[in-house]
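Here the structure comes first, spelled out in structure tokens, and everything after it is commentary.
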Amino acid sequence: MNTCFDTSDIMELSRVTLDETDRRLQGLSADLCSPFYAEARTLEQHLLQIYRMVALCAKKEDDLDKIASWWAAMTEVCDHFAEKLNVLCTDHPACGADYFYDRVLDLRNKCQRLNRLHA
């Protein structure tokens, strides 16, 4: 029996990270790019941590339906992170967050391929 998490746990990790990001962004001065770039980098790092946990669990899981559901959840999580990064890119276009936005979209595509592979 596998003791890894379920898709609701993946979504909860995502929600908590995005809520924390919103709180930090509220206190930032719109005049400086460095904090917005740092937030974009932090978002990507949190997303990669969630991805790594899913990948580790998927390696240990035999149930293809469960694996597919994890990758589907990861695809959705990537969508949420991309939405947040898109806001940073739109609100602060000169701050370089678009680099991280593109990387999140690449990870999203990878998760979607993994979902299709296991479905």
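The values are calculated or read from the model by the stated rules, or taken from the named source; none is laboratory data. The shown structure was predicted, so the numbers you read here are calculated from the model rather than taken from an experiment. Quick reminder, even Gly has a Cβ in these numbers, built from the backbone with ideal geometry, and neighbours come from all protein chains shown. We work out accessible area using only protein heavy atoms, side chains counted, and drop any ligands, DNA or RNA first. Shrake-Rupley method; radii C 1.70, N 1.55, O 1.52, S 1.80 Å.
Calculated accessible area for the chain comes out at 58 Å² per residue, all protein chains present (probe 1.4 Å; ligands, DNA, RNA ignored). When the Cα positions of LEU47, TYR37, ILE67 are compared along the charge dipole of the stretch 1-90, TYR37 comes out farthest toward the positive end, with charges on each C-beta of Lys, Arg, Asp and Glu. Taking Rh as the Kirkwood radius computed over C-alpha pairs, what is the Stokes-Einstein D of the chain at 37 °C in a medium of viscosity 0.692 mPa s, expressed in µm² per second? Using the Kirkwood radius from Cα pairs, D works out to 222 µm²/s. Element breakdown for the stretch 41-119 at a 1.4 angstrom probe: carbon and sulfur atoms account for 49% of the accessible area.
Computed from backbone phi, the HN-Hα couplings of the stretch 61-78 come to 9, 9, 7, 5, 5, 5, 4, 4, 5, 5, 6, 5, 5, 5, 4, 5, 4, 4 Hz, rounded to whole numbers (Karplus: 6.51 cos²θ - 1.76 cosθ + 1.60, θ = phi - 60°; Gly and Pro given as x).
A straight chain from LEU48 to ASP22 at 0.36 nm per residue would run longer than the Cα-Cα distance by 7.5 nm.
Of all aspartates and glutamates in the structure, those lying under 19 Å Cα to Cα from LYS59, and not within fewer than 8 positions of it along the same chain, are ASP6, ASP9. For the chain, the relative contact order is 33 percent, taking Cα pairs closer than 8 Å that sit 6 or more residues apart in sequence and dividing their mean separation by the residue count.
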